[in-house]
1. Would you tally the residues in segment A:139-154 being within 13 Å of chain B (Cβ to nearest Cβ), under 20 Å from residue A:78 (Cβ atoms) and without any contact (Cβ under 8 Å) to a residue 24 or more places away in the chain?
2. For residue B:49, work out the one condition from (1) at pLDDT 90 or above; (2) facing chain A (nearest Cβ under 10 Å); (3) closer than 20 Å to residue B:152 by Cα; (4) in contact with a strand residue (DSSP E or B) (Cβ under 8 Å, 6 or more places away or on another chain) it doesn't fulfil.
3. Out of the residues in segment B:90-137 that are among the aromatic types (Phe, Trp, Tyr) and within 23 Å of the chain's Cα centre (by Cα), which is nearest to the other protein chains (Cβ to nearest Cβ)?
4. Looking at (1) under 22 Å from residue B:14 (Cβ atoms); (2) at pLDDT below 90, find the lone condition where residue B:156 falls short.
5. Consider segment B:194-227. How many of its residues are assigned to a helix (DSSP H, G or I) and either more than 12 Å from residue B:33 (Cα to Cα) or out of contact with any Lys or Arg (no Cβ under 9 Å at 6 or more places or on another chain) (or both)?
6. Considering B:221, B:203, which residue is β-branched (Val, Ile, Thr), surrounded by fewer than 20 Cβ atoms within 10 Å (Cβ to Cβ) and touching a strand residue (DSSP E or B) at 6+ places or on another chain (Cβ under 9 Å)?
7. Just give me the residues in segment B:34-49 being within 21 Å of residue B:199 (Cβ to Cβ) and buried (at least 22 other Cβ atoms within 10 Å of the Cβ), in sequence order.
8. Quick check, is residue B:81 charged (D, E, K, R), closer than 23 Å to residue B:140 by Cβ and in contact with a Cys (Cβ under 9 Å, 6 or more places away or on another chain)?
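The values are calculated or read from the model by the stated rules, or taken from the named source; none is laboratory data. Here the structure is a predicted model, which means the values were calculated and not measured. Positions of Cβ are generated from backbone atoms using ideal geometry, with glycine treated the same way; all protein chains shown enter the neighbour counts.
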Amino acid sequence: MVDIFTTPFTDEVARRALVAIVVLSFGSAPIGVFLMLRRMSLMGDAMSHAILPGVAVAFLLSGMNRVMMTIGGLVAGLVVAVLSGLMTRVTEMKEDASLAVFYLVSLALGVILVTSRGSSHELVEILFGDVQKIDAGALYFIAFNTTLTLCALAVIYRPLVMECVDPLFLRVAGQAGALAHLVFLAFVVVSLVSAYIALGTLLAVGMMILPAGIAQFWSRDISRIIPVAIVSAVISGYLGLVLSATAGVPAGPSVVLTAGAIYFLSMVIGPAGGLMHRFAPGRHLEA
Amino acid sequence: MAAQLQFRDVTLGYDRHPAVHHLSGEIAPGALLAVVGPNGAGKSTLFRGIVGILKPLAGSIALGNVSARDVAYLPQSAEIDRSFPISVFDFTGSGLWRSTGAFGGLGRREREKILEALAAVGLNGFESRAIGTLSGGQMQRMLFARVLLQDADVIVLDEPFNAIDARTSADLLALVQRWHTEKRTVLAALHDMDLVRANFPETLLLARTPVAWGPTREVLTSDNLLKARQMCEAFDDGAAACADTKPAQAA
């Protein structure tokens, strides 16, 4: 019985996939928490489509070269993030609306670019990723991105929190808010690009949003929500890979599906707004 | 003595429509000024201009020896995301922004300061509560605690006693008076004329254009208040460019 949880990781490819997912959790989960708290959950989704044309251009220029495709995705994502961020600040357009415009255009462009040259097999690989294809280089790349993301978050943490809870205060106290916001958007893209190697462009957001959603059912203080999100991302990643190996299904979807299962479990038993605490809260207190 | 705040023919507004029209005048350091006027009179707009969120359409606002970021500004609290999971302690601590900045740590001295400020507004024991669990009055107390921590020379309070019960506003008013005795310059937008008459020596009556400005007793006459009420609230979309507008002065 216990073997089910260890045998999948006897060969090196599977172990590398596990390490990649665990490392990924440390960067993606905190980013996801902020996305969710800023009510930008769907924006992560939009952004993941926005990186597609960059990936596609790299694919056209250099074939299935992961490094080039990642750089392409990074450039495209940053351009969209910065442009839509600027558009929000300069015009009256709301962030979600301007982002929707950019990502729809990017997605259309990306699909046209990929299908103009590639096979449907390659399109699927770009859209859904492949954990089996993570080599040492990809692993270092993910680790590097995660380290960078964590450092950046540590630096912009306070302005970012204030920008979420009381943006006006920060606008009066200094210009840090706008800067923190742009840096944050940039690292949304960095995390998406690292996650996309493992999970593909479509499911990359799963490692961000689902752990963040899980954590919100467990605490009402951001300093606890973030660690809970990281732990649940690691658990989902591990169990997802076990599921993938045992049932012989693709790894990306099974990681996301596992996180989804934990999400619904948390929704029922979570102490911060979970269903059990809402409908069976116990007798009311004296004061 | 040099003025703490100086308005030079200031016009503030949105889409070229003035919300504050041709305001000139000075506020001395240590003044305790009430800004009164009907809804839509431009009180909040004026405050947004003072803290630099809104650029004047014409004229200029000089802040004397301080910069806009040294002004403690308490907006109408609707702009705060109360569902955000942050504790009362952490939120209040943001008042130390000027000294700690984005990265400065909170040492024991800072922690004590935050606890003192919370105690001064009667929120002892609330430190680890999430801000979403506070009542309206408690929220306002917490925001005052943050203003305390900001330790600013100029304090701008936008309708601080709205929807606040008598006891809470009395407590918070005591803080305002304490700031006045500490020679800080305090501006407050208010609707309660009795409260203004009893506590604020100086009043600016605003109805888009300034109606009267001076000692409260002379400003809050029934004639002046009537005049203020008669101003129209709606922007006129067909309004022509204001002929009276002088080119904006360099700050």
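1. 1
2. (2)
3. B:97
4. Single failed check for residue B:156: (2).
5. Residues that pass the stated criteria total 14.
6. After applying the criteria, what remains is B:221.
7. B:34, B:35, B:36, B:37, B:41, B:43, B:46, B:47, listed by residue number.
8. yes
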